[in-house]
Amino acid sequence: MISLRPVEDADASLIFDAWGQHAANFEYLTARVFVSIADARAYIRALFPTPASLAFHIVTSSGVVGIVKASVLGHRAQIGYVVHEAFAGRGLATAAVRQLVARLEANPSISRIWATCALDNMASARVLEKCGFEREAVLKNWVTYPAQGDRAFDNYSYVKVPRAAG
């Protein structure tokens, strides 16, 4: 159904064309809608806050439809994902998160995989729950979403502890 392909520095045009220029995809992202390929280039740089961090294109028979990523810091990996709205509701995010989590769980140094989502983003909450994450908290005024006016939003915190770690 999907495959994951590593994001590379040269992929800015691909990201911009595939999903980055479409405002609807940014409702729950901390990034601003890309108005140029330079914005997509800056986004790619931000995907890798540490050398251990991972980012993959979500690829279907239609081409690239989104990204799934993990910011890895020590024993923790925070995941995130976006699927182009035109492809939403088809299980693509769930399949991508499952594949990413399997990679993370294969790394014995990772003992916490976590994610957040807006309280009203039920689709994202369902993805995480289908992938074995448990809701652990509500994070007050956790994040801003530029597409929603830069005000702070509460988020659910979800966690998955790899079997070997727990």
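Could you give me D for the range 3-160, from Stokes-Einstein at 4 °C and 1.567 mPa s, where the hydrodynamic radius is the Kirkwood radius over C-alpha pairs? Units µm² s⁻¹, please.
On the way: Rh = 15.8 Å.
The diffusion coefficient I find is 82 µm²/s.
When only C-alpha pairs under 8 Å and at least 6 residues apart count, what is the relative contact order of the chain, in percent? All intermediate terms of the calculation are to be shown ahead of the outcome.
Values: 317 pairs, mean separation 35.8, N = 166.
It comes to 22 percent, rounded to a whole number.
For the chain, what is the mean residue ellipticity at 222 nm derived from helices alone (per DSSP H run of n ≥ 4: -39500 (n - 2.57); sum divided by total residues; nearest 500 deg cm²/dmol)?
Details: 4 runs with 37 residues, N = 166.
Value at 222 nm, helices only: -6500 deg cm²/dmol.
Out of Ala55, Gly80, Leu139, whose Cα points farthest toward the positive end of the dipole of the range 1-146 (charges: +1 Lys, Arg; -1 Asp, Glu; placed on Cβ)?
Farthest towards the positive pole: Leu139.
Pulled fully out, how much extra length does the chain show between Thr144 and Val35, if you take 0.36 nm times their separation in residues and subtract their Cα-Cα distance? Please report the intermediate quantities before stating the final value.
Working: separation 109, 0.36 × 109 = 39.24 nm, distance 1.91 nm.
Between Thr144 and Val35, full extension yields an extra 37.3 nm.
Quick one: which residues, 5+ away or cross-chain, put their amide H under 5 Å from the amide H of Ser53? H built at 1.01 Å from N.
Correct list: Val72.
Which peptide among 74-80, 130-136 comes first, and what is the full order, when sorted by highest mean count of other Cβ atoms within 10 Å?
On the way: 74-80: 17.9, 130-136: 15.4.
Sorting 74-80, 130-136 by mean packing, highest first, produces 74-80, 130-136.
Give me the distance in nm between label points sitting 7 Å out from Cα along the Cα-to-Cβ direction at His75 and Asp17, one decimal.
Result: 4.5 nm between the two label points.
With point charges of +1 on the Cβ of Lys and Arg and -1 on the Cβ of Asp and Glu, referenced to the Cα centre of the chain, which listed residue (Ser109, Val159, Asn121) lies farthest in the positive direction of the dipole?
Towards the positive end, the residue furthest out is Ser109.
Read-outs throughout are calculated quantities, based only on the coordinates presented, and are distinct from any laboratory measurement. What you see is a predicted model; the values in this text were computed from it and never measured. Note: ideal-geometry Cβ built from the backbone for every residue, glycine included; neighbour counts use all protein chains shown.
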